[in-house]
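Asker: Before we start, here is the structure in question, set down as structure tokens.
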Amino acid sequence: LLYISDLDLKGSGYGNIAFALCTHLSQRGYDVQAIGLGYNGDEHPFPFRIAPCPNVSYIVPIVAELQRQEIDIEAIIVALDIPLQEAVLKAMGPARATPYIGIFPLEAGPLCQSWAMSLLHMDRRLVMSQFGTLECEMVGVEATYIPIGVDCESWKAPTLEERTMFRKGLGIAEDSFVVLTVADNQERKNL
């Protein structure tokens, strides 16, 4: 299996998904080769190979090199935002023979027609929310919801004492409703 995603070892949402999914697939006997955007070639503890990839434009040449080496690729799994999925699909071209499985978020509707048309070029579409799955289905794009769990070690829920301390330290009243987010780093996170 060829898995393509953000695989920065410092951590990212896509990286958390990739490390868990590729490890699980490897443990089930699959030979997993990953192409890692954001991965710089450092040693890692995972039971699969990762090829560093400086940016999206290098993905297709890396795939072509793997195929030139006669590495049998049963499926290509790409976990990226839809605009990057579009770029990968376009670069691979319509004659792609290997099944393409897309994993992506869709957090705001409606799903525009240009994205819907691009998604139809995937053999399978795994959407990270039930909302996104319904958005796809409303425009005739078959999709499957893939639940993404929370990494409770990295993102530990604060205790009541910690919450009280944080509120006090930030000067937030006990009865104030507060939303903390990192949504400003992605337009798709449409808070």
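The values are calculated or read from the model by the stated rules, or taken from the named source; none is laboratory data. Since the model is a prediction, treat every value here as computed from it, not as a measurement. Cβ coordinates were reconstructed from backbone atoms using ideal geometry, including for glycine residues, and neighbour counts include every protein chain displayed. Ligands, DNA and RNA are stripped out before the accessible areas are found, and what is left, the full protein with its side chains, is counted by its heavy atoms. Shrake-Rupley method; radii C 1.70, N 1.55, O 1.52, S 1.80 Å.
Asker: To the nearest 0.05, what FRET efficiency results for F177 and K10 with a Förster distance of 30 Å applied to their C-beta separation?
Answerer: E(calc), rounded to 0.05, equals 0.40.
Asker: Excluding R167 itself, what net charge comes from residues whose Cβ is under 14 Å from its Cβ, given Lys and Arg +1 and Asp and Glu -1?
Answerer: -2
Asker: Which value at 222 nm does the chain reach when only helices count, each DSSP H run of 4 or more adding -39,500 (n - 2.57), with the total divided by all residues and rounded to the nearest 500 deg cm²/dmol?
Answerer: -10000 deg cm²/dmol
Asker: How are the C-alpha pair distances of region 98-161 spread across 5 Å bins, as whole percents from the shortest bin up?
Answerer: Result returned by the calculation: 4, 17, 24, 19, 10, 8, 8, 5, 3, 1, 0.
Asker: Could you provide, to the nearest whole Å², the per residue accessible area of the chain with probe 1.4 Å?
Answerer: Ligands and nucleic acids excluded, the figure is 63 Å² per residue.
Asker: What are the equivalent ellipsoid semi-axes of the chain, built from the alpha-carbon gyration tensor (square roots of five times its eigenvalues), in whole angstrom, biggest first?
Answerer: One finds semi-axes of 33, 22, 14 Å for the chain.
Asker: Using every alpha carbon pair in region 1-81, what percent of pairs falls into each 10 Å bin from 0 up to the bin containing the largest distance?
Answerer: Going out from 0 Å in 10 Å bins, region 1-81 shows 19, 57, 24, 0 percent.
Asker: Computing the accessible area with a 1.4 Å probe over protein heavy atoms, can you report the carbon and sulfur percentage for the chain?
Answerer: Here it works out to 56 percent.
Asker: Among all lysine pairs in the chain that are eight or more places apart or on different chains, how many have alpha carbons less than 26 angstrom apart?
Answerer: 5
Asker: Just subtract the alpha-carbon distance of D151 and L120 from 0.36 nm times their residue separation and send over the number in nm, one decimal.
Answerer: Contour length minus Cα-Cα distance gives 8.1 nm.
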